[in-house]
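Notes for the one structure printed next.
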Amino acid sequence: MLTRKHGVTIELWRGDITRLEVDAIVNAANNGLRGGGGVDGAIHRAAGPELLQACMHIGHCPTGEVRLTPGFRLPCRYVFHTVGPVWRGGDEGEETLLANCYRNCLQLAAENAVRSIAFPAISCGVYGFPALSAMNIAWQQISDWLTDQQEHSLQRIVLVAYDEAVWQAGCRVMPGIS
Ligand code: AR6
């Protein structure tokens with residue numbers, strides 16, 4: 001499923017993010033950048049042990065922020081490690097923190113001349129964020145960011161739906177071709 005905004009192609013794609021040939025993929029990491037399960041585990045397995053070494057060198061990443069490493073054995077050039085919020089019912093700033101993840105990744109992409117970037121559904125697995133609300137935030141942030149930016153390098157943004165709940169939520173949130 002695909003749409004366009006300000007000349008940028010935005011896709012909802014079903015599959016494993018580690019297989020995508022894009023300039024940068026986003027990892028849904030933890031504050032310690034120590035690897036883990038879910039998409040984090042898949043990215044570390046595909047990238048090889050150098051990725052964990054690079055993450056350990058960086059150390060810590062606050063929730064909502066992002067840190068960059070090379071992609072090592074992945075087909076992408078960069079991995080953007082962002083830390084989504086743990087869902088605690090919605091009264092602890094979770095929506096703002098998730099929005100920060102998307103905005104900070106887009107900003108980092110522009111700073112590194114990234115033309116294509118793929119996002120997993122940050123926080124929608126172990127961290128328990130409701131998929132529909134998370135996909136709404138993702139779409140809103142991408143849309144607002146593209147509207148705000150006069151000039152940037154991005155040509156393609158992929159929202160990766162790995163599970164059915166995220167796919168269904170993405171289909172509801174993404175507008176048709178415009
Ligand atoms: N490609 C794309 N998306 C995936 C893949 C994949 N290979 N594997 C899982 N997903 P999660 P979180 C989806 O739990 O909720 C880790 O242990 C998955 O279906 O990976 O942000 C970290 O170290 C879900 O929709 O991330 C942290 O401790 C989405 O990715 C913690 O989990 C996010 O699920 C972060 O939790």
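The values are calculated or read from the model by the stated rules, or taken from the named source; none is laboratory data. Keep in mind that what you see is a predicted model, and the values were worked out from it rather than measured. When we count neighbours, we look across all protein chains shown, and the Cβ atoms used for this are built from the backbone with ideal geometry, even at glycine. SASA here: full protein model, heavy atoms, side chains in, ligands and nucleic acids out. Shrake-Rupley method; radii C 1.70, N 1.55, O 1.52, S 1.80 Å.
For residues that are within 14 Å of the chain's Cα centre (by Cα), open to solvent by less than 30 Å² (accessible area, probe 1.4 Å) and within 16 Å of the ligand (Cβ to nearest atom), tally how many sit in the stretch 86-108.
5
Among the residues of the stretch 14-31, write down those that are of a type in the set (A, V, I, L, M, F, W, C) and under 17 Å from G59 (Cα atoms). Reasoning before the result, please.
Within the stretch 14-31, the subset of a type in the set (A, V, I, L, M, F, W, C) is 17, 20, 22, 24-26, 28-29.
A28, A29, listed by residue number.
Looking only at the stretch 100-111, decide whether some residue is touching a Phe, Trp or Tyr at 6+ places or on another chain (Cβ under 8 Å) and among the charged types (D, E, K, R).
Within the stretch 100-111, one or more residues are touching a Phe, Trp or Tyr at 6+ places or on another chain (Cβ under 8 Å) and among the charged types (D, E, K, R).
Out of curiosity, is L33 within 15 Å of A118 (Cβ to Cβ) and open to solvent by less than 60 Å² (accessible area, probe 1.4 Å)?
Considered against the rule, which asks whether it is within 15 Å of A118 (Cβ to Cβ) and open to solvent by less than 60 Å² (accessible area, probe 1.4 Å), L33 comes out as no.
When only residues in the stretch 109-123 that are polar (S, T, N, Q) and either within 14 Å of the ligand (Cβ to nearest atom) or part of a loop (DSSP other than H, G, I, E, B) (or both) count, which is nearest to Q155 (Cα to Cα)?
Just the residues of the stretch 109-123 that are polar (S, T, N, Q), to begin with: 112, 116, 123.
Narrowing the set further to residues that are either within 14 Å of the ligand (Cβ to nearest atom) or part of a loop (DSSP other than H, G, I, E, B) (or both) leaves 112, 123.
Numbers: N112: 13, S123: 25 Å.
Here the answer is N112.
Return the only residue of T9, T69, T3, T96 being over 20 Å from D163 (Cβ atoms), in contact (Cβ under 8 Å) with a residue 12 or more places away in the chain and in contact with a Cys (Cβ under 8 Å, 6 or more places away or on another chain).
Numbers: T9 fails: in contact with a Cys (Cβ under 8 Å, 6 or more places away or on another chain); T3 fails: in contact with a Cys (Cβ under 8 Å, 6 or more places away or on another chain); T96 fails: in contact with a Cys (Cβ under 8 Å, 6 or more places away or on another chain).
Going through T9, T69, T3, T96 in turn, just one is over 20 Å from D163 (Cβ atoms), in contact (Cβ under 8 Å) with a residue 12 or more places away in the chain and in contact with a Cys (Cβ under 8 Å, 6 or more places away or on another chain): T69.
Scan the stretch 64-82 for residues that are in contact with a Gly (Cβ under 7 Å, 6 or more places away or on another chain) and not charged (D, E, K, R) and jot them down.
Hits for the stretch 64-82 are F72, Y78, V79.
Quick check on my filter: what residues within the stretch 53-85 are of a type in the set (G, A, S) and within 13 Å of the ligand (Cβ to nearest atom)? Reasoning before the result, please.
Step one: filter the stretch 53-85 for residues of a type in the set (G, A, S), giving 54, 59, 64, 71, 84.
Result: G64, G84.
On the given criteria, is E50 within 16 Å of the ligand (Cβ to nearest atom) and not polar (S, T, N, Q)?
no
Please specify each residue of the stretch 124-178 satisfying the condition of being of a type in the set (F, W, Y), open to solvent by less than 10 Å² (accessible area, probe 1.4 Å) and assigned to a helix (DSSP H, G or I).
Matches in the stretch 124-178: W145 only.
Please go through the stretch 141-172 and give me each residue that is aliphatic (A, V, I, L, M) and within 14 Å of the ligand (Cβ to nearest atom), ordered by number. Spell out how you get there, then give the answer.
Taking the stretch 141-172 as the starting set, the residues that turn out to be aliphatic (A, V, I, L, M) are 142, 146, 154, 157-161, 165-166, 169.
If the condition is that a residue be aliphatic (A, V, I, L, M) and within 14 Å of the ligand (Cβ to nearest atom), then V158, L159, V160, A161, A165, V166, A169 are the ones that fit.
If you check H44, H57, H6, which single one turns out to be in contact with a helix residue (DSSP H, G or I) (Cβ under 7 Å, 6 or more places away or on another chain) and open to solvent by 50 Å² or more (accessible area, probe 1.4 Å)?
None of the others qualify; the one that does is H6.
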